Amino acid sequence: MAGLDGRTAIVTGASSGIGRATALALAGEGARVALGARRAEKLESVLAELPGDGHFAHALDVTDEASAEAFVAAAADAFGGRIDILVNNAGLALGRTAIAEGSSEDDAVVWETNVLGLVRLTRLCLPHMEDWRGHVVNLGSWAGREAYPYGGMYVASKYAVRALTAVLRKELVGRIRVSTVDPGMVGETEFSDVRFRGDADKKQAVYAGVKYLTPEEIADCIRWVVTRPSTRWS
């Protein structure tokens, strides 16, 4: 297994949950990590937890072009112009209703965040990635492999992430690595708080009697992916 000494990484949605755990895991391997999320105040507490030096935190709204441009420019500047790893983790679900009863406003937010935000960050980061060194990791979901009722736009967005990952892999083959990590149900995050808009009873019902995954377990999968050795990656 290759460590990440000398590598730089961006993690979106890094203020909590899988994003926070991923930032800790990558920093623990020696990477310098740039944290991005809408809640800048929470990023500071995550930044303070990271082992090692040279880390960076900056507010980021992946649905906003100007915010994304400012974040990537600042991260690239902090890292001397080179970004080695991009973890597209920012994402959310809103509501749990039938498609026929859904909200166009919620659908737009989910699509803008989970799909267009991922594309936006990838486009901005790729010019800062060196051939044979760069790696894009997209957070998919089992929902992008097996649809479930009342999943609506969230399920559609994760199918899109899976498709975009496949397209990117073909477009960048031989230059930049492209991977996806597709978790099943993950607890101990704010995912269901956001989905159910703070309704604790609905959140508890989702996880009742379920042995769910943890953010640290998903972060360990991401850590494993980005530390795979190769005769062409050094």
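Every read-out reported here was derived from the displayed coordinates using simple, explicitly stated rules and does not represent laboratory data. Because the structure is predicted, anything quoted here is derived from the model rather than measured. Positions of Cβ are backbone-derived with ideal geometry, glycine not excepted, and every protein chain shown enters the neighbour counts.
Below is a table of values for the structure above.
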quantity: GNM result for the chain, Cα springs below 10 Å: residue of L213, L126, L26 fluctuating most strongly; calculated: L213
quantity: Those residues of the range 12-32 whose amide nitrogen sits under 16 Å from the label point placed on A48, 7 Å along Cα→Cβ; calculated: 15-16
quantity: Among M185, N114, V225 the positive-end extreme of the charge dipole of the chain (Cβ point charges); calculated: V225
quantity: Helix-only mean residue ellipticity at 222 nm for the chain, each DSSP H run of n ≥ 4 adding -39500 (n - 2.57), per residue, nearest 500; calculated: -13000 deg cm²/dmol
quantity: Extension reserve of the D193-R175 stretch, reckoned as 0.36 nm per residue once the Cα distance is removed; calculated: 2.6 nm
quantity: Net length gained if the chain between S230 and Q204 were fully extended (0.36 nm per residue, minus Cα distance); calculated: 5.0 nm
quantity: Mean-position separation - Cα centroids, the range 3-34 and the range 147-181, in angstrom; calculated: 21 Å
quantity: For the chain, the spread of Cα positions along each principal axis, largest first, Å; calculated: 49, 37, 35
quantity: Length-normalised contact order of the range 8-222 in % [C-alpha pairs under 8 Å, at least 6 apart]; calculated: 21 percent
quantity: Point-charge dipole on Cβ atoms (K/R +1, D/E -1) for the range 8-222, about Cα centre, debye to 20; calculated: 540 debye
quantity: Placed amide H near H55: partners under 5 Å, 5+ positions off or other chain; calculated: V33
quantity: Separation of the A98 and A78 label points, Cα + 7 Å toward Cβ, nm; calculated: 4.7 nm
quantity: Förster radius 41 Å - calculated FRET efficiency between E216 and A70, Cβ distance, rounded to 0.05; calculated: 0.85
quantity: Other-chain or far-sequence residues with amide H under 5 Å of A90's (modelled H); calculated: T12, G13
